[in-house]
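Undergrad: Quick one: the structure is below, and I'll ask about it shortly.
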Amino acid sequence: MAHILLTGGAGFIGSHVASALLARGDAVTVLDNFNDFYDPRLKRANATALQGARIVEGDIRDAALLAKLFGEGRFDGLIHLAAMAGVRPSLKDPLHYEDVNCRGTLLLLEQARARPGLKFVFASSSSVYGDNEKVPFREDDDIHHPVSPYAATKRAGELYCYTHHHLYGIPISALRFFTVYGPRQRPEMAIAKFTKLIAEGKPVPFFGDGTTRRDYTYIDDIVQGVLASYDRCAGYEIYNLGESATTSLAELVDTIGRALGKTPVLDRQPNQPGDVPITYADVSKAKQKLGYKPTTPLAEGVTKYVAWCRATGLIR
């Protein structure tokens, strides 16, 4: 049994990872600041359901709190998921994104520096690939052109992680997530937002001509990859975690409409700054080194998500 500090553990991905860790017998300390990026009540409900986890309310930028936690925690590993998320919001407040995503990560790395052998898993993002025209995206691609502050902060986090591994030997797995969705996802995310709007017969904001494509990854597949990356954390490795399939915006809206049994109404709008034309994960490295095996195609995942929304009363 390992004792793991999980930052952002009350959020969407974090609460699923926490549940999986607890289910296999690990001890879990969740650190989350329950901010108002979206309704904090949703995160508090997630935390309440994590029976057996220790929940600590606090900020990853609070150096004194981190020193206290690490001093008393005797952690075997850290899974760092806490971050300011989202491409479009980062355009409005890049300084805040830098402070949380870069400085917060660096403070955690400094704690790990003093504890040789502590495993460190860092949540990065497919956004680091920017307008990459070579598909599918590989971990060794040239990614020197991020197109949003969010993407830049995630790439900076990867670089801080590499530097600390190089200098201090911290074993680190950096995970590039590709558009994760599923139960408990953030309400502003596309699948959650579109599902609610279509269910209510309201127009769906439809950016561009519908040809932009994303690699949508079901939460259960991501959790599998996160746990494997922790268990096999050694050296410094970057892994893509995606479904390794792409779906256009038009196909996504149609898939959600069919799962709901309703015809979507589109509110056509221009392309948004910071958006990229495609994300597409090459997951061969994660398959080889982690045994990663995504098993949930989009249509199946959307059907599961719609069923969960109905069961929890989010939609009728």
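Undergrad: All but one of (1) part of a helix (DSSP H, G or I); (2) out of contact with any Ser or Thr (no Cβ under 9 Å at 6 or more places or on another chain); (3) at pLDDT 95 or above; (4) among the acidic types (D, E) hold for E72, so report the exception by its number.
TA: Unmet for E72, out of (1) part of a helix (DSSP H, G or I); (2) out of contact with any Ser or Thr (no Cβ under 9 Å at 6 or more places or on another chain); (3) at pLDDT 95 or above; (4) among the acidic types (D, E): (3).
Undergrad: Of the residues T279, T295, T212, only one is loosely packed, with under 15 Cβ neighbours inside 10 Å and among the β-branched types (V, I, T); which?
TA: So the residue among T279, T295, T212 that is loosely packed, with under 15 Cβ neighbours inside 10 Å and among the β-branched types (V, I, T) is T295.
Undergrad: A follow-up question, please. Return yes when R115 is of a type in the set (K, R) and either modelled with pLDDT under 95 or on the phi > 0 side of the Ramachandran plot (or both) and no when it is not.
TA: Yes: the conditions hold for R115.
Undergrad: Which residues, counting only those in region 30-53, are surrounded by 15 or more Cβ atoms within 10 Å (Cβ to Cβ), aliphatic (A, V, I, L, M) and part of a helix (DSSP H, G or I)?
TA: Answer for region 30-53, where residues must be surrounded by 15 or more Cβ atoms within 10 Å (Cβ to Cβ), aliphatic (A, V, I, L, M) and part of a helix (DSSP H, G or I): L42, A47.
Undergrad: Considering each residue of region 60-78, count those that are hydrophobic (A, V, I, L, M, F, W, C) and in contact with a strand residue (DSSP E or B) (Cβ under 6 Å, 6 or more places away or on another chain), and give that number.
TA: 3
Yes/no matrix, rows are residues, columns are (1) closer than 17 Å to K285 by Cα; (2) in contact (Cβ under 8 Å) with a residue 40 or more places away in the chain:
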residue	(1), (2)
V135	yes, yes
I143	no, no
V147	no, yes
H164	no, yes
Y168	no, yes
I172	yes, yes
G182	no, yes
I191	no, yes
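Undergrad: Please note which helices (runs of 4 or more DSSP H) are completely contained in region 211-302 and include at least 3 residues that are closer than 30 Å to G169 by Cα.
TA: 219-231, 284-290
Undergrad: Taking the options V56, V128, name whichever one is surrounded by 13 or more Cβ atoms within 10 Å (Cβ to Cβ), part of a helix (DSSP H, G or I) and at pLDDT 95 or above.
TA: It is V128.
Undergrad: Cβ-Cβ distance below 6 Å, separation of 6 or more or different chains: which pairs start in region 78-89 with a residue that is under 23 Å from R214 (Cβ atoms) and end on one that is among the aliphatic types (A, V, I, L, M)?
TA: L81/I13; L81/A123; M84/V100
The values are calculated or read from the model by the stated rules, or taken from the named source; none is laboratory data. A quick note: this is a predicted structure, and the numbers were derived from the prediction, not measured. Neighbour counts run over all protein chains shown; Cβ positions are idealised from the backbone, glycine included.
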